[in-house]
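The values are calculated or read from the model by the stated rules, or taken from the named source; none is laboratory data. Just so it is clear, the model here is predicted, and its values are computed rather than measured. A quick note on method: Cβ atoms are made from the backbone with ideal geometry, for glycine too, and the neighbour counts reach across all protein chains shown. Please note that ligands, DNA and RNA were not included when accessible areas were found on the heavy atoms of the full protein model with its side chains. Shrake-Rupley method; radii C 1.70, N 1.55, O 1.52, S 1.80 Å.
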Amino acid sequence: MVTEAKPKTKRQIVTLTINGDEHVSLVKVNTTLLDLLREEFDYTGTKKGCELGDCGACTVLLDGEPVNSCLILAVEADGRSVTTIEGLEKNGKLDVVQEAFVNHGAIQCGYCSPGMILSSRALLNRNPSPTEREVRDAIAGNLCRCTGYVKIVEAVLAASAESKA
Amino acid sequence: MSEPAAKKEQYSVIGKSVPKVDAYDKATGRARYTGDLKVPNALVGKILRSPHAHARIISIDTSKAEQLPGVKAVITAKDVPSVMYGISPARYDENIFAVEKVLYVGDKVAAVAAVDEETAVKALNLIDVEYEVLPPVLDPFRAMDPDQPQLHEQYPRNISVEIHQNFGDVDKALADAYHVRTDTFSGTRAAHVPMEPHAALSKWEGGKLTITCSTQSPHYFQYHIARVFGLKMGDVRVLKSYVGGGFGGKLEPSGAEYVSAALAMKTGRPVKLVFDRWEVFVHHRGRHPQHITLTTGVTKEGKLLGCHARFIIDGGAYTSLGIASAYYAGAMLPLIYMFDHYRFDGFRVHTNLPSCGAQRGHGAPQPRFAFESQLDMIAKDLGMDSIDIRLVNARKPDTMTPNEFKVNSCAFTEAIQKARRISGWDEKKGKLASGKGIGIGCGGFISGNGYPIYRTRLPHAGAVIKVSEQGDIATLYTGAVDIGQGSDTVLAQMAAEAMGIDFEDIKLVTADTETTPHDFGAYASRQTLMSGWAVKEAGEEVRRQVLELAAEMLEANVEDMNVDRRVIYVKGSPEKSIPFERVANEFFITRGPLVGRGKYAPPKLGGSFKGAPVGTSPAYSFAAQISQVETDEETGQVMVTDVWDVHDCGQVINPTLLHAQVEGALFMGMGEAMYEAMVFDANGKPLNANLGDYRIPTALDVPQVVSDLVDSYEPAGPWGVKEVGEGATLPTMGSYANAIYDAIGIRIYDMPLTPEKVWRAIEQRKRQEREAAEKK
Amino acid sequence: MIVPEFDYLTPQTLNEACALLGEYGSRAKVLAGGSDLVVKMKNGLLKPDYIVSLKNLQDLKGIRYEAGTGVIIGARTTHNRVVENEILRERFPSVSAAAGTMAAYQVRNIGTIGGNLVNAVPSADMPPILIALSAKARIVGLSGERLVDLEEFFLGPGKTVLNQDEILAEIIIPDQATTGSSYIKFGLRRAGSLAVAGVASSVMMDGEMAEDVRIVLGAVAPTPLRAREAEAVLRGKKVSQELIEQAGKIAAAESKPITDIRGSAEYRRHLVDVLTRRTLKTAIEKGHV
């Protein structure tokens, strides 16, 4: 059984549901989910900031949970569902979190924004009425160098209020 | 000097918080940064970097790398022009690849272009480089010793620049002073940490080089790249895609462009080269660690009489923009407080460490930390309140600094007073519970530099506005560079205001050396004022042409015409009106393209002494910052709970973007104050060149921030504007250090304010108290 | 950055996984979450020829309570599940809290409790609190399974008692109704930082008496370290501020810290003193049921 496994193990077919659409690709097994999304499927909204799980720019939702896509091998995600920033907008309408980021000046250079928005979206999914501290905790893995997080936190709290209204 | 309130209310577009023009693309992932760009047939470039801080290259064997399938080019110094580059004139001291010696861990040695990143990385590992390791120079204090190894032949004793400036009679001022203090402070090698790493995509087609890159200045890139490759400037096109932050680090070419260009020329294919995070750190060009000794004298009433500042500045391996940084260190010290006698002696020295350059606030934040700390110590010596001593000395409008910077608007006193009020200073200072404290720090900064980085007669900014043939939209062409701060949005607001049309009517073409008029780019907090003037002039030219034609069409006098939000009307007879687009359309039909042009060059500024241009500016901002802290005296941990920033930044074009700049600048000051420093081992190898160990603050680490303004109108700025993007970085370190002193009576002289450092200071004080008690 | 090439193996059963590990020995690495392994591989610190992924081993996930045994945590359980789990929050909230001090939210969705233990990083946050609570590791190998006190699990940085063919399957925290416990991590940032020092204490109270005490130090020795002499100060005694302070000093003396970029040995020793006192106080308060 062990020897049988050997010949096919450098490459593998990976099937992912990305933003609701099925994507299939033959990938080298050492490819990260981040590189597969960016290079193969052109979801370049998922950013490369540090490649070591420190900055959160590559955050995507894997089966709804935020993860650093730079730390996950694409083969490990096989069969699972991925939401990237490109998948939040529905029928030409921004997600309430995206809308709040735009309207509250929470975006400057924008490089952290996709990851930041996805972390915030996931927070509101599991906790629709977070406290400021809970917002800060949820985005602590998304580094931003432009904003000091002030307007980002404002935007997430506003999105929470907006969703309830 | 303030413009009548009635006029301000007439503005239709400026002064309003419109969302950023690029926010939608950035929120949806549509915004493509250089590393996101896909072009057919492109190769991936990667740079081989030195593992040694100081070494001689004996040999490089690229044959194995060249044989690896998928590798299209391997290049070293022998394959590229030997012309040296840099950004400081007369100090061009870098090569695309090291020729004889490597001077820091990370110096560029060779590069490959391959079909993908994995192949490129494998190829780098197949390049054999034989080094003779040399002893590194790591200590800036010893770097000037004659027995130390030399980094560059042309810089004896490793001195990069030596500065002596003297204004007034400092010795006499200090001799006359009631009280004189000498204290020494030091700062760290903090890094910009833009979230987007440096990147370039080069194409070489038909003798023309096109480079899309993450840059703060397409112009400077074009100028230097053309020079190095021996091309006409017109044969080099530099443009940007979205830029993920710069903070000073993307003002000069990083090597990504030179190397990708060289690889593109060699292979005939487009080459994309993106730094990884380690490369961003070792390339650096960030904050210079400065060692600052201040001798300052005051009267009994706390009036500053004179100051002598001495600097030893660690510049790292190459010059970068370090000459300007070193001059800025001293030049900005007398800006915000009024005193006549000032001397400044500085040495920038080379070490085998990453090169330092310009970072938000340039050379000024660390000296400002030193001065703000010492001013508090002087206040305590005199029994004065920290705010009162600042009010005694605060600069007044329409004054001149001892080093001949002309200050027009200045609401510094009002800023200090407002910060005092909104922070509750008088109820808190010296009255907070044990372990809590409050402190103030101040700052001020230029609104654009009086002179460009290299000598040229080019104006600082140009703008063209072209109205569409139907008159429904107008396209603003500007070389100004939006790196995230929002200049595209602010300039679009200005264009709309100047033309009398709506913000939504403006389209933008920016930051491209081929399609947009020249602009020096995003640095020195220059664009709102300088690019803004050019845009205003261009917009007003369109407006004038449209009103002239409208006057003919409505059979009115042109002096009586006005346009606001697309409606052209006769003043006093609003029923006589005509839509902007009808007139614009008629203009095209009868007269040809409707175009407005503008340019800006500052007046001649500053004195005639050596180094006089550095720090000159048409206008200066001022800011007061008050911070409140809580300390854990057992562990030395400090938590900043609140910060109040009050800025005098002139008139405001977009309040949301303005406060965002204050918050971001303050955040960078906070990181430098509390967390950030690049550290190295005994061989000069970086120990924390990643975002786990080099700690920028997270969302959990930042205080509550209140950003507030004082009313001010700057006559040298379009619509009265001046700086905001960098000034708020300056006060933070000092205000934190002063708040910690208020909390626990501990004075920290060197950044960052780590828990261990605070704990050690507490322990030392305990020891001293014990010893004193024992003596009794 | 590139993950060096390897062969990717996805066993369907624990036994199959053990067989693969037994065959390939040191040439193979187990992939649980990957938050540590992938980073080390990208940095070139590890270049395994084979990666044995545990992703198909669903039995290794989840948290359950078995009366008479205690709380059982599958090794593949991610940190966030440990943080949020109701059983743990009720019975061992200090374990949930310790998991919440790690890295940041996204990484806690990737990293697993088993990975955190098997990596045997001296600064890891889970070992001190689990050892303080007398947790055991259920280890499965080709020759069967064994239970090891977690205290005995660590041999040095990156080294554990696991044999080549063995996999950490579960962590068992035994019932201890009257025990209060606490873990405090001292990091240099509120998220995304490693412990400069971390101390966990558990105290089993009998009235005013500390019937049993365990103090475990993290990031101040090559492995998590029990401060046995400090424990002895309090064990079987009526708790008092004086004894707590004494325990703190002794724990500091027992620690064997090194100096690195995060802190000096001297500072770490001092932190052990402070954190020992603080965790003991909390543990004692919580131990009074």
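What's the total number of residues in the stretch B:569-594 that are over 22 Å from B:VAL467 (Cα atoms) and either under 42 Å from the mean Cα position of the chain (by Cα) or not in a strand (DSSP E or B) (or both)? The number of residues fulfilling the criteria is 2. In this entry, B:ASP645 passes the filter for residues that are open to solvent by less than 30 Å² (accessible area, probe 1.4 Å) and within 13 Å of chain A (Cβ to nearest Cβ).
Could you tell me whether A:THR147 is of a type in the set (Ser, Thr, Tyr) and touching a Cys at 6+ places or on another chain (Cβ under 9 Å)?
So A:THR147 fits the description; yes.
For the stretch A:14-63, give me each residue that is open to solvent by 40 Å² or more (accessible area, probe 1.4 Å), more than 11 Å from chain B (Cβ to nearest Cβ) and touching a residue at least 40 places away in the same chain (Cβ under 8 Å). Answer for the stretch A:14-63, where residues must be open to solvent by 40 Å² or more (accessible area, probe 1.4 Å), more than 11 Å from chain B (Cβ to nearest Cβ) and touching a residue at least 40 places away in the same chain (Cβ under 8 Å): A:THR15, A:THR17, A:GLY20. Taking the criterion of being open to solvent by 30 Å² or more (accessible area, probe 1.4 Å) and touching a helix residue (DSSP H, G or I) at 6+ places or on another chain (Cβ under 9 Å), would at least one residue in the stretch A:66-82 satisfy it? No, the stretch A:66-82 contains no residue that is open to solvent by 30 Å² or more (accessible area, probe 1.4 Å) and touching a helix residue (DSSP H, G or I) at 6+ places or on another chain (Cβ under 9 Å). For the stretch A:112-121, a tally of residues being more than 8 Å from every other protein chain (Cβ to nearest Cβ) and of a type in the set (A, V, I, L, M, F, W, C) returns 2.
Applying the criterion of being closer than 13 Å to B:LEU491 by Cβ and part of a strand (DSSP E or B) to the residues of the stretch B:507-523, the residue that is nearest to the chain's Cα centre (by Cα) is B:ASP519. Those strands (runs of 3 or more DSSP E) of the stretch B:394-486 in which at least 2 residues are within 26 Å of B:LEU251 (Cβ to Cβ) and under 22 Å from the mean Cα position of the chain (by Cα), considering only elements entirely within it, cover B:436-446, B:461-467.
Any residue that is within 14 Å of chain A (Cβ to nearest Cβ) and touching a residue at least 60 places away in the same chain (Cβ under 8 Å) - is there at least one of those in the stretch B:463-482?
yes
Within the stretch A:89-106, restricting attention to residues that are among the polar types (S, T, N, Q) and within 9 Å of another protein chain (Cβ to nearest Cβ), which residue is nearest to the chain's Cα centre (by Cα)?
So, considering only residues that are among the polar types (S, T, N, Q) and within 9 Å of another protein chain (Cβ to nearest Cβ), the one nearest to the chain's Cα centre (by Cα) is A:GLN98.
Of all residues assigned to the stretch B:148-155, none qualifies as being closer than 30 Å to B:GLY70 by Cα, away from every other protein chain (no Cβ under 14 Å) and in contact (Cβ under 8 Å) with a residue 40 or more places away in the chain. Would you call A:CYS109 within 7 Å of another protein chain (Cβ to nearest Cβ) and either surrounded by fewer than 24 Cβ atoms within 10 Å (Cβ to Cβ) or touching a residue at least 12 places away in the same chain (Cβ under 8 Å) (or both)? Criteria met by A:CYS109. For the stretch C:246-260, check the following and say yes or no: at least one residue is on the phi > 0 side of the Ramachandran plot and more than 14 Å from chain A (Cβ to nearest Cβ). No, because not a single residue in the stretch C:246-260 is on the phi > 0 side of the Ramachandran plot and more than 14 Å from chain A (Cβ to nearest Cβ). Taken together, the criteria exclude C:VAL272 from residues that are surrounded by 14 or more Cβ atoms within 10 Å (Cβ to Cβ) and free of Cβ contacts under 8 Å to residues at least 40 places away in the same chain. Taking the stated definitions as given, is A:GLU86 assigned to a helix (DSSP H, G or I), more than 23 Å from B:GLY692 (Cβ to Cβ) and within 7 Å of another protein chain (Cβ to nearest Cβ)? Here the answer is yes, as A:GLU86 does meet what is asked. Given the options B:VAL71, B:VAL121, B:VAL133, B:VAL115, name the one that is β-branched (Val, Ile, Thr) and under 35 Å from the mean Cα position of the chain (by Cα). Checking each option against the conditions leaves just B:VAL121.
When restricted to residues that are in contact with a strand residue (DSSP E or B) (Cβ under 7 Å, 6 or more places away or on another chain) and assigned to a helix (DSSP H, G or I), the stretch B:350-375 contains 9.
For the stretch B:313-365, what are the residues that are of a type in the set (S, T, N, Q) and out of contact with any Pro (no Cβ under 8 Å at 6 or more places or on another chain)?
Within the stretch B:313-365, B:THR319, B:SER320, B:SER325, B:SER355, B:GLN359 meet the criteria.
How many of the residues making up the stretch C:11-32 are within 8 Å of chain A (Cβ to nearest Cβ) and either closer than 21 Å to A:VAL27 by Cβ or touching a Cys at 6+ places or on another chain (Cβ under 7 Å) (or both)? Total meeting the criteria: 1.
Of all residues in the stretch B:194-238, those satisfying the criterion of being under 26 Å from A:THR147 (Cα atoms) and either assigned to a loop (DSSP other than H, G, I, E, B) or acidic (Asp, Glu) (or both) are B:PRO194, B:MET195, B:GLU196, B:PRO197, B:HIS198, B:SER214, B:THR215, B:GLN216, B:SER217.
A single entry from B:GLY255, B:GLY248 fulfils the requirement of being within 30 Å of B:ASP22 (Cα to Cα) and within 14 Å of another protein chain (Cβ to nearest Cβ): B:GLY248. Of the residues in the stretch A:129-144, none is in contact (Cβ under 8 Å) with a residue 40 or more places away in the chain, surrounded by 24 or more Cβ atoms within 10 Å (Cβ to Cβ) and more than 9 Å from chain C (Cβ to nearest Cβ). Where strands (runs of 3 or more DSSP E) fall wholly inside the stretch B:253-349, the ranges with 2 or more residues that are open to solvent by less than 20 Å² (accessible area, probe 1.4 Å) and β-branched (Val, Ile, Thr) are B:290-298. Looking across the stretch B:6-52, the residues that are away from chain A (no Cβ under 14 Å) and within 27 Å of the chain's Cα centre (by Cα) come down to B:ILE14, B:GLY15, B:ILE47, B:ARG49. Summed over the stretch B:108-131, residues that are over 30 Å from B:ARG348 (Cα atoms), crowded, with 20+ Cβ neighbours inside 10 Å and more than 14 Å from chain C (Cβ to nearest Cβ) total 4. The listed residues are B:GLU672, B:GLU676, and the only one of them that is in contact (Cβ under 8 Å) with a residue 40 or more places away in the chain, of a type in the set (Asp, Glu), buried (at least 24 other Cβ atoms within 10 Å of the Cβ) and closer than 30 Å to B:GLY435 by Cβ turns out to be B:GLU672. Would you mind finding the one in C:ARG89, C:ARG146 that is farther than 30 Å from C:LEU20 by Cα and either open to solvent by 40 Å² or more (accessible area, probe 1.4 Å) or of a type in the set (Val, Ile, Thr) (or both)? Every option except C:ARG89 fails the conditions.
At least 2 residues being in contact with a strand residue (DSSP E or B) (Cβ under 9 Å, 6 or more places away or on another chain) is the threshold, and among the strands (runs of 3 or more DSSP E) wholly inside the stretch C:118-196 those reaching it are C:136-141, C:144-149, C:167-173, C:179-186.
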